[in-house]
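Student: Input: one structure, supplied below.
Nothing in this text is a laboratory measurement; each read-out follows from the coordinates by a stated rule. Note that the structure is predicted; figures quoted are calculated from it, not measured. Note that each Cβ is placed from the backbone with ideal geometry, even for glycine, and that neighbours are counted across all protein chains shown.
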Amino acid sequence: MIEQESVAVFLSNAYECLRCVDLRGASESLERALSVDFESLEVLWSLKCANFWFERLSRIEMMPNPFERGEYAIEQWKSFAGFTSKLEGDFEPALFAFKRFAFSLALAQYSALPPDEKESHEADLALRVGICLKGTGDYDAALRSLEAAAHERKDDAEVLAQLADAYALQGDERSSKALFREAFFVAPQRIGTEFLESGMIRRLASKVSALGYKDTEVAEWIPVYGTILGVFTIKRELKAVEVGKLRQSIYQLENEAKENGDERTSLVPRLINRYFWLIDHYIAAKEERSRIDEVLLKIRLLDQSIYKQYTA
């Protein structure tokens, strides 16, 4: 019992060091925990993660520019997620500690930028800082930073998705659903789902992935199944100019789908999602049923399964 208590203390110390971006201190605490219990799966798991980040830290230290270091640290979170998925065991406190370390590390790099560089990277920086703050668990500050980013980039899919994620983590489900729907309409391929924490989106992405779509296709199909499964339920009335742009994008995608067979895996879900938006517009505008049926027929010709699920 005393040994287990000692291991727990060392693990707690290690996780606190990670919160302070002290990887060496964390590693020393983990080594001491291992000396007490060399069979502890959580300790062994955490040491492997520490070694992963030691290698990345050495590379970061060789980069001269703070913005590049921050970009690299954020990018490594994707690699780390893949790395931990292959490890045996599931240790949530350890994973959260390393997550907080990774994003605190990136945040420190962005904070180190000279004032003139911060100004030149203003829009990018607001987004990156928001992602980092969200990753460290500071959701209030993350929301403020992401709202600032959205003010500068109103139609940026990545910004909208991150802002939606922040709203979800703050419990504002309505705003979150509305913004996620917008983001996945604008450009699903630009949304880094690895950085989204909303349980709603993660469950949706997991369901889409389980259907057999490739990793590169999942983001494209998320808005389609988000509609079918009743996730993207918060809709807005389109302005006349937006309706015109929607019809134009549908026309363009229809032609691309005919001409580029190799691109159909991404074009088909993108087109179906736009059909959904057009049907929503027709319903809101109280258009004749024949116009809706015309769009439904197009969906049916594209994907019989989606048509059946949508009209069920």
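Student: I want to check a number: in segment 158-312, how many lysine pairs have alpha carbons closer than 15 Å, given a sequence separation of 8 or more or different chains?
Tutor: 4
Student: Counting Lys +1, Arg +1, Asp -1, Glu -1, what net charge surrounds Ile234 among other residues with beta carbon under 9 Å of its beta carbon?
Tutor: Its environment carries a net charge of +4.
Student: Further question: Does segment 87-167 classify as rounded, prolate or oblate by the C-alpha gyration tensor (a ≥ b ≥ c root eigenvalues; a/c under 1.5 gives rounded; else a/b over b/c gives prolate, otherwise oblate)?
Tutor: Since a/c reaches 1.5 but b/c is at least a/b, the shape of segment 87-167 is classed as oblate.
Student: Let me ask something else. Given an 8 Å cut-off on Cα distances and at least 6 residues of separation, report the relative contact order of the chain as a percent. Spell out each step's value before the answer.
Tutor: Values: 330 pairs, mean separation 29.6, N = 312.
Relative contact order here is 9 percent.
Student: What do you get for the angle between helix 23-36 and the principal long axis of the chain? Use alpha-carbon atoms, 0 to 90 degrees, nearest ten.
Tutor: Result, in degrees: 60.
Student: Here's something else I'd like to know. For segment 151-281, what class follows from the C-alpha gyration tensor (a ≥ b ≥ c being the square roots of its eigenvalues): rounded when a/c is under 1.5, otherwise prolate if a/b is larger than b/c, else oblate?
Tutor: oblate
Student: Moving on to the next point. If you fit an axis through the alpha-carbon atoms of helix 92-111 and take the longest principal axis of the Cα set of the chain, what angle between them do you get, 0 to 90°, nearest 10?
Tutor: 80
Student: Place a label point 7 angstrom from the Cα of Ala285 along the Cα-to-Cβ direction, then list the residues of segment 223-264 whose backbone nitrogen is under 17 Å away.
Tutor: 236-252
Student: Let me ask you something else. Could you list the chymotrypsin sites (Phe, Trp or Tyr not before Pro) in segment 110-187 that lie in coil according to DSSP, counting only those with at most 15 other Cβ atoms within 10 Å of their Cβ?
Tutor: Sites meeting the loop and neighbour criteria: none at all.
Student: Further question on the same structure: Once you mark the GluC sites (Glu not before Pro) that are in a DSSP loop and have at most 11 other Cβ atoms within 10 Å, what is the longest gap between them in the chain?
Tutor: Answer from the scan: 89-236.
Student: Measure nothing fancy, just the Cα-based angle from helix 240-259's long axis to the longest principal axis of the chain, in degrees from 0 to 90, nearest 10.
Tutor: 90
Student: Under 13 Å from the Cβ of Arg100, count the other residues' Cβ atoms, weight Lys and Arg +1, Asp and Glu -1, and hand me the total. Don't skip to the end; give the middle numbers.
Tutor: Working: positive: Arg19, Lys99, Lys134; negative: Glu16, Asp22, Glu92, Asp138, Glu197.
Cβ neighbours under 13 Å give a net charge of -2.
Student: Of the listed values (i) 65, 49, 40; (ii) 74, 47, 37; (iii) 61, 48, 37, grab the one calculated as Cα extents along the principal axes in Å from the structure here.
Tutor: It is the one labelled (ii).
Student: While we're looking at this one, here's another question. Taking the Cβ of Val218 as the center, what net charge do the other residues with Cβ under 15 Å away carry, scoring Lys and Arg +1 and Asp and Glu -1?
Tutor: After counting each charged neighbour, the total is +3.
Student: Would you mind calculating the relative contact order of segment 1-125 from Cα pairs under 8 angstrom and at least 6 residues apart, reporting the percent as a whole number?
Tutor: This gives 28 percent for segment 1-125.
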